[in-house]
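This is the structure I have questions about; it appears just below.
The values are calculated or read from the model by the stated rules, or taken from the named source; none is laboratory data. Nothing here was measured: the structure is a model prediction, and the numbers come from that model. All Cβ positions, glycine included, derive from the backbone under ideal geometry; neighbour counts span all protein chains shown. The area values use the complete protein model at the heavy-atom level, side chains included, leaving out ligands, DNA and RNA. Shrake-Rupley method; radii C 1.70, N 1.55, O 1.52, S 1.80 Å.
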Amino acid sequence: MNSYTLKVAGLARELPVIPITDKLCIASFVILGDAELVEKAAEALAGKLPPVDAIVTAEAKGIPLAYELSRRLGLGRYVVARKSVKPYMAAPLLHKVVSITTQKEQVLALDRADAEFLRGKRVAIVDDVISTGESLRALEELVGLAGGIVEAKAAILAEGDAAGRDDIVFLEKLPLFPR
């Protein structure tokens, strides 16, 4: 199996390179379960963010980062946009997105209580990796629908063309690999 050595936030991780289409491979970066990496990356990202009142992420891989960033910034709460409507959601806000990793249309949903919490708040949208930017765009629109003000868009890694964007904060570039 091919691999890519990632160096981020003073740590090194060996990532498997896996095909996602007949022409493209990605280095699979999964922060779930890697407490050390989440802690170090959140510490580094926290210093790059402007003042914010709330952190928002999409379910699921961004959740540990959102938690740790919120803790480090002294925020008592963070918001997770779910990838499906849950039975407990009362009058959820919905938005659709297609991302590189899922390769199909998904729904992002905010519970009404979370949407009300975001109204008028300065928000940082965070994720583990920004690639095509579609998930990020959908989250930004969802936050806007809720009345939040997006002050920052941040990720641990910017993959492919996302690394050339000047509207996101990230720690390291992650290349794409031809198949």
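From the residues in the stretch 75-95 that are outside any loop (DSSP other than H, G, I, E, B) and in contact with an Asp or Glu (Cβ under 6 Å, 6 or more places away or on another chain), which one is farthest from VAL52 (Cα to Cα)?
HIS95
Moving to a separate point now. Within the stretch 162-177, work out how many residues are free of Cβ contacts under 8 Å to residues at least 12 places away in the same chain and assigned to a helix (DSSP H, G or I).
Summing the residues that are free of Cβ contacts under 8 Å to residues at least 12 places away in the same chain and assigned to a helix (DSSP H, G or I) in the stretch 162-177 gives 2.
Can I ask one more? Select from the stretch 108-135 the residues that are among the small types (Gly, Ala, Ser) and surrounded by 23 or more Cβ atoms within 10 Å (Cβ to Cβ) and write down the one among them that is modelled with the lowest pLDDT.
Filtering first and then ranking leaves SER135.
Mind counting the residues in the stretch 38-49 that are in contact (Cβ under 8 Å) with a residue 60 or more places away in the chain and open to solvent by less than 50 Å² (accessible area, probe 1.4 Å)?
4
Pull up the stretch 58-74, narrow it to residues that are outside any loop (DSSP other than H, G, I, E, B) and of a type outside the set (Gly, Ala, Ser), then point me to the one that is farthest from ALA44 (Cα to Cα).
Checked the stretch 58-74; the qualifying residue farthest from ALA44 (Cα to Cα) is ILE63.
Something else: Check TYR78, TYR4 and return the single one that is under 15 Å from the mean Cα position of the chain (by Cα) and aromatic (Phe, Trp, Tyr).
Being under 15 Å from the mean Cα position of the chain (by Cα) and aromatic (Phe, Trp, Tyr) holds for just one of TYR78, TYR4, which is TYR78.
Right, next: Kindly list, by first and then second residue, each pair from a residue in the stretch 143-161 that is at positive phi to a residue that is surrounded by fewer than 22 Cβ atoms within 10 Å (Cβ to Cβ) and of a type in the set (D, E, K, R), limited to pairs with Cβ atoms under 6 Å and residues at least 6 apart or on different chains.
These pairs meet every condition: GLY147/ARG119.
For the stretch 103-128, name all the residues that are in contact with a Leu (Cβ under 9 Å, 6 or more places away or on another chain), more than 24 Å from GLY74 (Cα to Cα) and free of Cβ contacts under 8 Å to residues at least 24 places away in the same chain.
None - no residue of the stretch 103-128 is in contact with a Leu (Cβ under 9 Å, 6 or more places away or on another chain), more than 24 Å from GLY74 (Cα to Cα) and free of Cβ contacts under 8 Å to residues at least 24 places away in the same chain, so the list stays empty.
Conditions: (1) open to solvent by 10 Å² or more (accessible area, probe 1.4 Å); (2) not hydroxyl-bearing (Ser, Thr, Tyr); (3) not in a strand (DSSP E or B). VAL143 meets all but one. Number of the miss?
Of everything listed in (1) open to solvent by 10 Å² or more (accessible area, probe 1.4 Å); (2) not hydroxyl-bearing (Ser, Thr, Tyr); (3) not in a strand (DSSP E or B), VAL143 misses just condition (1).
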